[in-house]
């Protein structure tokens, strides 16, 4: 929900991303309160940011990314020093802003808070604030309403503090124009690739090359330590699935939450859209208005052919093929101008021309459904799922600590915990230490516990590890294979292939550099060039960033010009630049507008960084790199 604050202003979005604030803008108040607890990873103005705070922020960011990417997040990403430092930087930025908010005595009043919460779309039902949705949101965060609102006030205060800086950035027209011109400059290039495969036949390995490589790189040929394990999963979803719910309970829930199942008046309409953006040039708007006025005259003469006119003329690709049909919608489902007219029409009536940010509309109302309460049978399955979810959450909260105690206290077997919570023990295939492990062992903490000395030698249960929100796992080693070196005879063929490819790659790169030097002198070089195509800094057409830099670094005073790029692992690429077209930034070009916004974002980001630097002078920042990079957490 707090993300809505940061989505209100486009430029604010740009450099919230730049300074990584989206990583962890939750819980600022708790960070300040707990600043002197535990070992510090950083201090801001003499106040600590603890290891616990960093770990909590990492978990929250992981949960957020998991939700956004459908659960496909590699937990190992969050164990890297780079990610830990990025999240820590976001905590430091929050702390600096929090200190300044406090010093400036910025306070978010009750009315301001209530107004903001009341207009959050996800907290509305039928266009009105839903207390049930709000309470569900707060409960999902595991907070009391007071704590949630305190955090929200803090976030809003920070936004208020940043706003003068985020919205005051002014970009000079001359500098912006020069930057845009460089981004839009086009160079027509052809490419010739020198692949290592073409040079493999020239490679002659020494008779002892394979043996020497094997001896010097024995670690590469070790089969890693492996285990087979059994494990138990205690989760909110598992406990929810086991919950029995009768029809009487579902009916009672339906009756006691009747307001939730009210459906406001809905309407169905078709429309014809002639596009004219809000900021479109006056001539474009006039042309669109003339066209829609002409269409309205024709439609009103033959209203029965509305669908036909929509198919032939509407510029809304989503509805034109369906005769302009927009299906059923309630209040809040359409832009304001469209909605006001649609809810004022009578069924079958055709509107006059309506202007919105999308352009000009002609609306025909095709159906009206009055306010109603959804029938019990329509929502029965939804209620059943909700009751089970609530029951699962309650059972999980009651069982989590006890589960951890049982697997720890009866560490020689998972059977007691399995019987107590009616869980089905599962078994793994062979898991290799340090390799890519399947869920739930892709959790670094669980994998480390499984391969620990205690786990391998004594085959004891691991501690209960939270691998996902409301999901605990404990595992136990069944079988163990120590690491072993593969014999030279087994890996000899792979080593030969690698040495030949490495040598061929070096030959390709050397030949590429030689050919580039000859091309620069004007010599004729026999190369197979690809068809020419244009690239620009803003549209690389699939060209790798380093190759693009090489192309635009080349001196084009005399054409054709040439550039080269050593592609790691793939040989050498040569580029022939045959023409250069200066970049032109047109006001009405969508690409130019997007790049102008990007440039404004860069400038705003620099101003914001400079502003934050002044806070670092007031509240000195120290990073404990040893603790930050330590894996022993």
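The values are calculated or read from the model by the stated rules, or taken from the named source; none is laboratory data. Given the structure is predicted, the values throughout are model-derived calculations rather than measurements. Every residue, glycine among them, receives a Cβ derived from its backbone with ideal geometry; neighbour counts consider all protein chains shown.
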Among the numbered criteria (1) in contact with a helix residue (DSSP H, G or I) (Cβ under 7 Å, 6 or more places away or on another chain); (2) modelled with pLDDT under 80; (3) part of a helix (DSSP H, G or I); (4) within 30 Å of residue 620 (Cα to Cα), which one does residue 169 miss? (3)
Positions within segment 518-529 being touching a residue at least 12 places away in the same chain (Cβ under 8 Å) and either surrounded by 13 or more Cβ atoms within 10 Å (Cβ to Cβ) or in contact with a helix residue (DSSP H, G or I) (Cβ under 7 Å, 6 or more places away or on another chain) (or both), in sequence order: 519, 520, 527, 529
With respect to residue 475, is the statement that it is modelled with pLDDT of 95 or more and either closer than 30 Å to residue 230 by Cβ or not assigned by TED's automatic domain parsing to the domain that holds residue 430 (or both) true? yes
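Residue by residue through segment 99-113, note down the ones that are assigned to a helix (DSSP H, G or I) and out of contact with any strand residue (DSSP E or B) (no Cβ under 9 Å at 6 or more places or on another chain).
Matches in segment 99-113: 100, 101, 102, 103, 104, 110, 111, 112, 113.
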So, first residue under 13 Å from residue 358 (Cβ atoms) in segment 307-326, second residue in a loop (DSSP other than H, G, I, E, B) and at pLDDT 90 or above, Cβ within less than 7 Å, six or more apart or across chains; the pairs are 314/324; 326/319
Within segment 216-254, residues touching a helix residue (DSSP H, G or I) at 6+ places or on another chain (Cβ under 9 Å) and surrounded by fewer than 13 Cβ atoms within 10 Å (Cβ to Cβ) come out as 217, 241, 247
What's the total number of residues in segment 541-566 that are in a strand (DSSP E or B) and touching a residue at least 24 places away in the same chain (Cβ under 8 Å)? 4
Residue by residue through segment 46-64, note down the ones that are outside any helix (DSSP H, G or I) and in contact with a helix residue (DSSP H, G or I) (Cβ under 6 Å, 6 or more places away or on another chain). 49
Some residue of segment 103-114 being in the same structural domain as residue 49 (by TED's automatic domain parsing), in contact (Cβ under 8 Å) with a residue 60 or more places away in the chain and more than 25 Å from the chain's Cα centre (by Cα): no
Does residue 385 count as closer than 30 Å to residue 247 by Cβ and either free of Cβ contacts under 8 Å to residues at least 24 places away in the same chain or not in a strand (DSSP E or B) (or both)? yes
Looking at segment 237-252, which of its residues are more than 12 Å from residue 390 (Cα to Cα) and in a helix (DSSP H, G or I)? 238, 247, 248, 249, 250, 251, 252
So which residues in segment 353-367 are in a strand (DSSP E or B) and either surrounded by fewer than 17 Cβ atoms within 10 Å (Cβ to Cβ) or out of contact with any strand residue (DSSP E or B) (no Cβ under 7 Å at 6 or more places or on another chain) (or both), if there are any at all? 355, 356, 367
So which helices (runs of 4 or more DSSP H) stay within segment 409-519 end to end and still have 2 or more residues that are in contact with a strand residue (DSSP E or B) (Cβ under 7 Å, 6 or more places away or on another chain) and under 30 Å from residue 60 (Cα atoms)? 415-420, 444-450
Could you list, in sequence order, all residues of segment 307-323 that are closer than 16 Å to residue 365 by Cα, assigned to a helix (DSSP H, G or I) and under 35 Å from the mean Cα position of the chain (by Cα)? 320, 322
From the residues in segment 260-306 that are assigned to a helix (DSSP H, G or I) and in contact with a helix residue (DSSP H, G or I) (Cβ under 7 Å, 6 or more places away or on another chain), which one is nearest to residue 372 (Cα to Cα)? 261
Flag for residue 191 being surrounded by 14 or more Cβ atoms within 10 Å (Cβ to Cβ), outside the structural domain of residue 366 (by TED's automatic domain parsing) and in contact (Cβ under 8 Å) with a residue 60 or more places away in the chain: yes
